[in-house]
Structure formats: C-alpha cells, structure tokens
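Everything below concerns the one structure shown next.
Rule-based calculations on the coordinates, nothing more; no lab input. Just so it is clear, the model here is predicted, and its values are computed rather than measured. Positions of Cβ are backbone-derived with ideal geometry, glycine not excepted, and every protein chain shown enters the neighbour counts.
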Amino acid sequence: MTDLSGNTFFEGPGGRIEAIIKEPAGPVTRAAIVCHPHPLFGGTMHNKVVFRIARAFQDAGFAVLRFNFRGTGRSEGEHDNGLGEQDDLRVAIAFIEERYPGVELWLAGFSFGSAMMLRAAACDDRARALVAAGVPVSNYDFTGIAQCHKPKLFVQGSLDQFGSPEDLEGLFALLDEPKQLKIIQGADHFFEGHLEELKQAITDWANRSLQQ
C-alpha cells in the first residue's frame with residue numbers, strides 16, 4: 001500500500017486497482033468516491049469532468065477517492081462491459097469503509113461512471129447520497145434504481161449527445177425523493193466550457209444537503 005495522501009492501490013476482484021485519494025486537513029468524517037467515463041473511449045480517473053466533481057467534494061471537506069476501473073491505466077484486469085466494473089466500485093466502497101470506519105460516504109460518477117454508480121450502488125445502504133453527471137440514459141437500462149430514498153443530484157447538459165434532458169427527465173420522474181435535476185444550458189456531454197457551472201451545481205447541492 002502506498003501513501004494515502006495521493007497515489008495508491010487496493011486489491012480488486014480483477015487484480016490491483018490504481019487510485020488517487022485526497023484527504024482534508026482535519027479529521028475525515030465524510031468521503032466521496034468518483035467514477036470515471038468509459039475506458040474504451042479514453043475515460044480515466046484523470047478525466048477533467050471527474051476532476052471537477054472530485055474538486056467540488058474536496059472543497060466541501062470530503063476525503064475523495066478516484067480510481068481506474070479494471071484494465072484502465074495501471075489497474076489490472078480487463079474491461080468487462082460494465083459488469084466487473086460494478087464490482088470494482090463495490091470494492092472501492094469497502095476500501096473507504098476500512099480506511100475510515102464510520103465515515104459518511106457519498107458516491108458520484110460521470111457518464112459511464114454514473115451508470116456504474118447508479119446500477120451498482122443506488123440502493124446500497126452504505127451510500128448516503130449520489131451525484132450523477134452526464135448520465136448516458138440513452139445507452140443503459142436503469143431498471144431497478146427507482147426505490148432509492150437517499151438524496152440524488154443529476155446534472156446534465158442541455159445538448160448531451162448520450163442522454164437528452166427529455167430522456168433523463170423520464171427516468172428522474174420514476175425516482176423516489178429526495179432528488180434534484182440540474183440542466184446546464186448549452187453544455188454538451190463533456191460540459192465543454194461549462195465545467196465551473198457543473199462544479200458549482202455540485203457544491204451548492206452538497207452544502208444544502210449537509211445542512212439538512
């Protein structure tokens with residue numbers, strides 16, 4: 001195990017998983033895990049959208065874990081079409097729980113990462129809240145996530161190529177409260193030119209949720 005102030009590894013079901021963890025200056029009471037976009041299309045934990053999501057949590061005082069799904073970067077194993085990747089996330093949750101016993105855990109993801117997060121852990125009692133950005137609702141089946149009573153934030157670009165606001169609104173309507181949907185006007189799937197708006201939407205929502 002390497003220094004947990006930065007680059008680290010933990011054991012996953014498909015082999016060693018590469019990760020980066022950033023800790024706050026004080027005691028860790030809250031932690032967030034951020035999942036990256038599709039690895040077959042260049043997605044890694046270093047993606048700029050993932051970085052901005054992570055930064056929003058860091059600014060709010062969370063310890064933040066980003067990790068590479070199996071077969072990505074220096075993570076071992078092979079891409080598993082979204083099945084094994086969900087197991088990777090479950091192991092990441094266990095890693096955080098072991099590192100910070102009793103921590104309040106939030107989960108987030110962008111694109112493919114949001115799909116993995118929602119499908120694997122939307123109803124996982126270990127997660128206190130969820131943030132999903134650029135949900136590829138046109139490409140994945142999200143049946144089974146409706147009965148999720150934890151706070152949920154969805155952030156989508158009005159010009160998203162892989163999940164139109166209309167399609168996302170259809171999914172959103174099926175979900176239990178509490179929930180919020182933020183559409184960023186003029187933003188595409190990658191939030192090009194709108195990354196600060198994305199970060200601010202997450203910051204504002206997290207701050208409100210922490211006060212409840």
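Counting DSSP beta bridges in the chain, what percent are antiparallel, to the nearest 5? Of those bridges, close to 30 percent are antiparallel.
For the chain, the tally of Lys pairs with Cα-Cα distances below 14 Å comes to 5, considering only residues 8 or more apart or on different chains. Give the Debye-formula value of log10 I(q)/I(0) at each listed q (0.07, 0.13 Å⁻¹), with one equal scatterer per alpha carbon of segment 7-211, two decimals each. Summing over Cα pairs of segment 7-211 leads to -0.17, -0.63.
Using the beta-carbon distance between Arg16 and Gln185 and R0 = 35 Å, what value does 1/(1 + (r/R0)^6) give for FRET efficiency, to the nearest 0.05? Calculated transfer efficiency: 0.25.
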